[in-house]
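The values are calculated or read from the model by the stated rules, or taken from the named source; none is laboratory data. Everything quoted here is computed from the prediction, not taken from an experiment. Note: ideal-geometry Cβ built from the backbone for every residue, glycine included; neighbour counts use all protein chains shown. Heads up: the accessible areas ignore ligands, DNA and RNA and are worked out on the full protein's heavy atoms, side chains in. Shrake-Rupley method; radii C 1.70, N 1.55, O 1.52, S 1.80 Å.
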Amino acid sequence: MNAQSPQPLLTVRGLSRYYGQHVGCRDISFDLWPGEVLGIVGESGSGKTTLLGCLSGRLDPSEGSVLYRDRAGQSHDVYAMPEMMRRRLARSEWGIVHQNPRDGLRMAVSAGANVGERLMAQGARHYGGIRNQALDWLDKVEIDAGRIDDSPRTFSGGMQQRLQIARNLVSMPRLVFMDEPTGGLDVSVQARLLDLLRRLVGEMGLSVILVTHDLAVARLLAHRLLVMRGGEVVESGLTDQVLDDPQHPYSQLLVSSILQV
Amino acid sequence: MSATLEGYNFAYLDEQTKRMIRRAVLKAVAIPGYQVPFGSREMPLPYGWGTGGIQVTASIIGADDVLKVIDQGADDTTNAVSIRRFFRRTAGVATTTRTEEATLIQTRHRIPETPLREGQILVYQVPIPEPLRWLEPRETETRKMHAFADYGIMHVKLYEDIARFGRIATGYNYPVMVNGRYIMSPSPIPKFDNPKMDRNPALQLFGAGREKRIYAVPPYTRVESLDFEDHPFEIERWERACALCGSTESFLDEVVMDDRGGRMFVCSDTDYCESHRPDRSEQEAAE
């Protein structure tokens, strides 16, 4: 959909992660292109979150490699680079949206400080400037500017999730990892959050890796899908193709299990 | 009274322990602001009373040193008197209350008002050496943050202060950047004292006994207090002068005099206050 540069943003080859005898995920390979939203779907325990952890530099894989091409066009092996660089990457070019906003937010400090943290980590030292950017981002994620000094504890689940998104996007990342961003939200709030995500992803040209068990969320956001089961990718393809004409028996089961209202 | 106690090694600690602590001190001096772990010993006083400071002092004190001990600036409080007497008994060293005369000063929560000079050593007692502790409870994580100079979180705290109070409300233990590299907790000195640490000609050593850390600021090292461009670092100011010596430049303590709201402001540094009293200088002039 976007004017694509010829090089993939993320190149994953033969990625496996074992927990002792137990398989987290096995032999996963794919490319993620700039501006693409990749959905990873599957039932609970199918290795989605393990895979996301391995991709986002938080969980050492047992085998395989993850190559990331940075803003300057330089390619980095995520697990071969020093941890210092990996952290810098993770807080500037990447974003991670956790399923539970409490994992991704600093609950003890105000919403404004949460949004400003990445800016300050990158060297912003002007209070007024940081605050203005925080206000700007709160507006973008539809949080009332008057709540900037409130603790995220006083926010509703949907607001916390939106705050978490603002906190990640403030550094203008290129790649965002999302783990069930709409999990635990009621459907109307989910719908608003999905609209918001779709708009921001489009506006910023973000690449997203989206883990979800909710096929409706995948349908709305993802361009391409990986269907996982038992730690392996059993089917991959364009979202509409996978959902409308699933080939693998498990995908067929998954699609046919969607509740119709 | 001034006789050295028998049966104890010079300055209480055994020589092996002193060597171990000196190695930690040397490393700390070599990496300004970096917290060096050391094997902290049990000392004959409770944690929180200066076990870290007293071990550093015991390791570096020599027979010809002149020791001064202050507690919140005062020479005459229990803690200061006890530690001074401890070293008089175990090391037989000369002690003083005069900042200029001392070669070694152990302090709790203040830096003397009288400027320090080259050759003097200031030993701080530190309760919590980790400046990131209140923001990040995991020690493994704070060590990585120091190693990677990943310090954005420190400004989050200052941001939060301004957002809540309109100014940076941290009054003591105000975090500093040492030599442009490590963020360091200056121990709970008032931020009034922070500028004194910057490029100070004396050697500053910090000992945390319970937390088993030693760190240092070598002479003439850059020490900057963290701040924002539009909310620069500021020290406390008082609208009145010291009630005893009339100084307008020293750090003042507010002392409640009675239960009818009477109070007075006096210097927290007793030595400075005494040497600046007008009656005394008149006496000296008369002599």
A:D70 accessible area, 1.4 Å probe, all protein chains in place, Å² to nearest 10: 20
Degrees, to the nearest 10: A:187-204 long Cα axis against longest axis of chain A: 80
Dipole moment magnitude, nearest 20 debye, region B:24-127 about Cα centre, only Lys, Arg, Asp, Glu C-beta charged: 240
For A:L9, distant residues with modelled amide H under 5 Å away: A:L32, A:W33
For region A:144-157, Karplus couplings with θ = phi - 60° (6.51, -1.76, 1.60), whole Hz, Gly/Pro x: 4, 4, x, 8, 4, 9, 8, 6, x, 4, 7, 8, 6, x
Formal net charge of residues neighbouring A:V227 (Cβ-Cβ distance under 12 Å; K, R +1; D, E -1): 0
Listed residues A:S156, A:A121, A:M107: farthest to the positive end of the dipole of region A:107-172 (Cβ charges): A:A121
Area hidden from solvent between B and A (accessible, protein heavy atoms only, 1.4 Å, total, Å²): 1900
On Cα atoms only, tilt of A:111-121 relative to the major axis of chain A in degrees: 80
B:Y151, B:Y172, reordered so the largest accessible area comes first (probe 1.4 Å): B:Y172, B:Y151
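Once you charge only the Cβ atoms, +1 for Lys and Arg and -1 for Asp and Glu, what is the size of the charge dipole of chain A about its Cα centre, to the nearest 20 debye? All intermediate terms of the calculation are to be shown ahead of the outcome.
Values: 28 positive and 29 negative charges, 169 e Å.
Rounded to the nearest 20 debye, it is 820 debye.
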Accessible-area value, B:T114, 1.4 Å probe, nucleic acids and ligands omitted, Å²: 30
Integer Hz, Karplus 6.51/-1.76/1.60 couplings in order for region B:222-239, x for Gly and Pro: 5, 10, 10, 7, 5, 6, 10, 4, 9, 9, x, 4, 9, 9, 5, 9, 10, 7
Cα centre as origin, Lys/Arg/Asp/Glu Cβ charges: region B:15-225 dipole, Debye: 400
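Quick one: of B:K27/B:K68; A:K48/B:K212; B:K157/B:K212; B:K18/B:K68, which pairs are farther than 31 Å apart, Cα to Cα? All intermediate terms of the calculation are to be shown ahead of the outcome.
Numbers: B:K27/B:K68 25 Å; A:K48/B:K212 42 Å; B:K157/B:K212 25 Å; B:K18/B:K68 20 Å.
A:K48/B:K212, as the Cα separations exceed 31 Å there.
Taking R0 as 30 Å, what's the FRET efficiency between B:F148 and A:Y18 from their Cβ-Cβ distance, rounded to 0.05?
The pair B:F148/A:Y18 has a calculated efficiency of 0.55.
If I compute solvent accessible area with a 1.4 Å probe over the protein chains, what percent of it on region A:18-85 is carbon and sulfur? Walk me through the intermediate numbers first.
Working: 1470 of 3090 Å².
Exposed carbon and sulfur together represent 47 percent of the surface.
Starting from the Cα-Cα distance between B:R85 and B:D258, subtract it from 0.36 nm times their residue separation and give me the gain in nm to one decimal. Spell out each step's value before the answer.
Working: separation 173, 0.36 × 173 = 62.28 nm, distance 3.23 nm.
Working it through step by step, the gained length comes to 59.0 nm.
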For chain B, built as a Gaussian network whose Cα springs stay under 10 Å, the top-fluctuating residue of B:R263, B:R138, B:R222: B:R263
Whole-percent carbon and sulfur share, accessible surface of region B:15-225, 1.4 Å: 52
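May I ask you to derive the FRET efficiency for B:R164 and B:E15 from their Cβ-Cβ distance with R0 = 51 Å, giving the value to the nearest 0.05?
Values: r = 51 Å, r/R0 = 1.00.
E(calc), rounded to 0.05, equals 0.50.
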The protein assembly as shown: calculated mean residue ellipticity at 222 nm from DSSP helix runs of at least 4, using -39500 (n - 2.57): -9500 deg cm²/dmol
Karplus (6.51, -1.76, 1.60) ³J(HN,Hα), θ = phi - 60°, over region A:81-98, in Hz, Gly and Pro reported as x: 6, x, 4, 4, 5, 5, 5, 4, 4, 5, 9, 10, 8, 10, x, 10, 9, 7
Cα gyration tensor shape of region B:59-128, rounded if a/c is under 1.5, else prolate or oblate by comparing a/b with b/c: rounded
